[in-house]
1. So what's the projected area for the stretch B:108-179, the Cα convex hull averaged over all directions, in nm²?
2. Taking other Cβ within 10 Å of each residue's Cβ, how do B:PHE210, A:PHE124 sort, fewest first?
3. Is there a pair in C:LYS322/C:LYS420; C:LYS97/C:LYS265; B:LYS115/B:LYS182; A:LYS235/C:LYS253 whose C-alpha atoms are over 19 Å apart, and which pairs would that be?
4. Could you tell me the calculated FRET efficiency between C:ASP33 and A:ALA244, based on Cβ-Cβ distance and R0 = 56 angstrom, to the nearest 0.05?
5. Set Lys and Arg Cβ to +1 and Asp and Glu Cβ to -1, take the dipole of chain A about its Cα centre, and tell me which of A:ALA57, A:VAL238, A:SER167 lies farthest positive.
6. Between C:TRP442 and C:GLU317, what is 0.36 nm times their sequence separation minus the Cα-Cα distance? Round to one decimal in nm.
7. Would you list B:LYS133, C:LYS470 from fewest to most Cβ contacts within 10 Å?
8. 222 nm [θ] for chain A, helices only, -39500 (n - 2.57) per DSSP H run of 4+, per residue, to 500?
Amino acid sequence: MTRLPVKKTYKLFIGGAFPRSESGRTYEAEGQNVARASRKDVRDAVRAARGTLPKWAGMTAYNRGQILYRVAEMIEARTAEFAGLCTGRPEVERAVDRIVWYAGWADKLAQVLGSSNPVAGPYFNFTVPEPTGVVGVIAPDEPPLLGLVSRVLPALTGGNAVVALASETHPLAAIELAEALATSDVPGGVVNLLTGRRAELAPWLASHMDVNALDVTGADGDSPELERAAADNVKRVVHGDPDAQSPWEIASFLELKTVWHPVGQ
Amino acid sequence: MAQAPVLPRGFELPLEPRLPRIGSVDAVALEERAASLAKRSIKREAKVFALDLAVRMMDLTTLEGQDTPGKVAALASKAIRPDPGDPSVPSVAAICVYPNLVPTAVQRVEGSSVKVASVATAFPSGQSPLEAKLDEVRWVVEHGADEVDMVIDRGAFLSGRYAKVYDEIVQVKETSGDAHLKVILEVAELGTYDNVRRASLLAMAAGADFIKTSTGKLPGAATLPVTLCMLEAIRDVHEETGRMVGMKPAGGIRQAKQAVQYLVQLHETLGPGWLTPDLYRLGASSLLNDVLMQLRKEKTGTYQSPDYFTVD
Amino acid sequence: MTELERKQDRAPVPSEWTYASAPEARDLVTLQDRYGHYVGGEWLEARETYTTISPATEEPLAEVGQATPEEVQAAVDAAREAYANGWSDVSPSERAKYLFRIARILQERSREFAVLESLNGGKPIKESRDVDLPLSAAHFFYYAGWADKLEYAFPNRKPRPIGVAGQIIPWNFPLLMLAWKIAPALAAGNTVVLKPAETTPLSALLFCDVLRQAELPPGVVNIVTGDGRTGAEIVKSDGVDKVAFTGSTDVGKAIQRELAGTGKKLTLELGGKAANIIFDDAALDQAVEGIINGIYFNQGHVCCAGSRLLVQESIYEPVVEKLKRRLTTLRVGDPLDKNTGVGAINSKQQLDKIQELVASGAEEGAEIYQPPCRLPEQGYWFAPTVFTNVAQSYRIAQEEIFGPVLSILTFRTPDEAVEKANNTPYGLSAGVWTEKGSRILWMAERLRAGVVWANTYNRFDPSSPFGGYKESGFGREGGRHGLEPYLDLT
């Protein structure tokens, strides 16, 4: 007699927990009922991200790198599950390798992107990169896993907290990723993943006054409207590449701080 | 002033009820402020005012092994009447000499407004026993010196024996009696502005009537920043206790333009109340003639030659 | 003592020392009656004009153009033409040499520019002479050196120019902001259409003569004058590939909205409400100078001005005492007088805004202090002002005043200082004064601001990146980082 498998309920990932949408809504995608987040879920996710940001940003870069590497380990271990939720094993492997690549960047950014500046006077002057803050990511629909990883990892590596809207058509990989993140050492709230209707959610994210940067890579034709809304608090708007792997992608989510101090006896 | 941190030993024996916070000095910002004040453009009547005041504030100085009664007599004449060609030029404040020449100096300036200042306390090093220093002070005061320019014991200061420095100043002050006491910090040996501020407050707490930058025997004597640092300490003592202590930059001031810069700094740091020889002196040996030349240039409109001004 | 010597009585010491006026020679500058727009290396007769004045006297200085959409289009076309036919072919090392030339000419003509800057903008000659001009020349010199070294600035990338940069600059540092915009744009190989601020067009127009002397190819730099309408035309123009704006946060947001979805690159350097934080162990006299420099430099017309003074409660009284005393020695008056420390407010409009905010501060319950000073009757003037007893919620502690007005608040612990300092939508700059090294770095790490001055304030250098967090804008000007906004790095 065949055993009836226990099916998963696909929920949101907010503040390290897996709530249903506060609206109680779901939608069907990839043959499953998936939580359909509301504007209040966006609000909660941003609040969670803001709350945990100091912890994540305040970690040593070495520590952040180790935690991101641990995420890669968690995904690698679930390769089979992920492969079934995206374009297949090669996409999973590329995603894992990309995370490992970014993990190694965490403690090199300040050296590559920062500088000490030879000002004309008795001052020591240096520039260091710092996280922008809370980053909203509108992930591309395809590829469902690698696209999301490629947009979220640059922000994470730099020490930001992320609220990401998953692929609308292929959200399951994102939920699987949430489960991997939940078992890694990434503090709850550093990555928040929302599933639902992009057209409904993105404007709330774009206009949210406590979001500091907006990645519109997956926004398609909605981008101009979102960018306009983003101007309300001068968000940094990032048009990324869904398949990029570069320290300049990290730099998009960094601020540069320059510090002066006199040099004297 | 609130928040006076723990005072080192020696700082705890103030003559004043309260001392200003010792605090610290940022060297770069201090030097920038001094440089910025030095850029004031002082023209016409304002310049004549400053030059005239510089003459009145000058301590005309000779401190050489080769000083003789003849040299001091000449210096005294110059001090009383700096520009024989222009009686409107005032006398200088004082002549400053070695102890042996005090009697000559006193005799030569008698009846004029010019005071006699004598260095003492084993000038310039200060490396003698306290008894010897006090004897020297007693001697110059007995022989008529109006002002005593003492040196602090830098050895004691730099080794952290602040109480010794303090006690010595207190005793010299007592021994000086009515004579005005100028305390020379010899800033070039103190190393940092923090030390200069510390020594300034120490000297004022111990009863100095004036604080003075230097002996003039070392390179790196008076500078605008170090003088500013001392003026700020004087200002803090005034704000805290109401007492007005005088200031004397000495050494390295050779040009009229520098003298004007020092006066601007004084004016803008301590205010018009300090624009008097009673509270500010310029210690110099070769500054006077340049000031006289500039004064005559302002009055005649013609650039001058040193040939028309007596060397002493 | 001789008889003559005896007569040498000490005359009484005069007591009041007033500095005689020491004006810089105004005739160093020769102004035309009327200026057009500088387009394609030629002067284009302006169809509409307005009068630019000296804010210190309200004296009319010249008629300048109010560029129409067609005139802006002509400038953009000239820039496109120069970019496509010639400038992009100029070798990087030759490009560098043009910039070196500009730097040198600015050095040689610096006194003339300084006088003009003070005349048209109202800032003290001391500042235009010692700050604006040296820094402007240095900026060109610094970026000149980058022009043929871009591949070292961005390893593993192929830096290419973007095309035509549209640049809109403010009135507080007219020539310096021009240098901040034009130098990196040209070093990166772009061409430029720049609009100086409505109230301060003259130094940019004189700069066209520097371009002529440097023999910069026609159309590489085009300058059009006018008000916000002209700026809007530049932003909208299809021929502009990159927009750089320095000015108010409101206008910055409008530009960001306007450019939404266009794919044009944008950098914004906007407003600020910086905290200048004084701890009880600070070197007090120097900190007081830093406070003064932080807020009264350039009449407080500085986006990074330290307009919120946060003083640790334990030294509140001495700091306020010292500050008030120092305020009485500020010399307010003729911008061309070499001893002036605080000049004229840049415009009537700005003066109205300052007055309105200051009135609100008094109404909300803050205590106002202004040193006794006589302000000239003609022109736009505002006395250096300090508000004590200010709550974080007052408008004067929240809104950018952009004038010589300081609000003093207190704090008790480093945590509280950080919390109050960051409690603003802005994030351009901050100041920290303490003698404790570890605390400086702790504070610097936590302050959400693009520039942190520790034990100093309002220092600038071409090699030092400048720009804001949050609503103070994005992008950096200065340093290697200042090249990035002008390059295509894909």
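Values in this text are rule-based calculations from the coordinates and carry no lab data. Just so you know, these numbers come straight off a predicted model, no measurement behind them. So basically every Cβ, Gly included, is an ideal-geometry build from the backbone, and we count neighbours across all protein chains shown.
1. 4.9
2. Details: B:PHE210 25, A:PHE124 14.
In order of increasing Cβ crowding within 10 Å: A:PHE124, B:PHE210.
3. Details: C:LYS322/C:LYS420 23 Å; C:LYS97/C:LYS265 27 Å; B:LYS115/B:LYS182 13 Å; A:LYS235/C:LYS253 10 Å.
The answer is C:LYS322/C:LYS420; C:LYS97/C:LYS265.
4. Calculated transfer efficiency: 0.50.
5. Comparing the listed Cα positions along the dipole, A:ALA57 ranks first.
6. Details: separation 125, 0.36 × 125 = 45.00 nm, distance 2.57 nm.
This chain segment gains 42.4 nm when fully extended.
7. B:LYS133, C:LYS470
8. My calculation for chain A gives -13000 deg cm²/dmol from helical runs alone.
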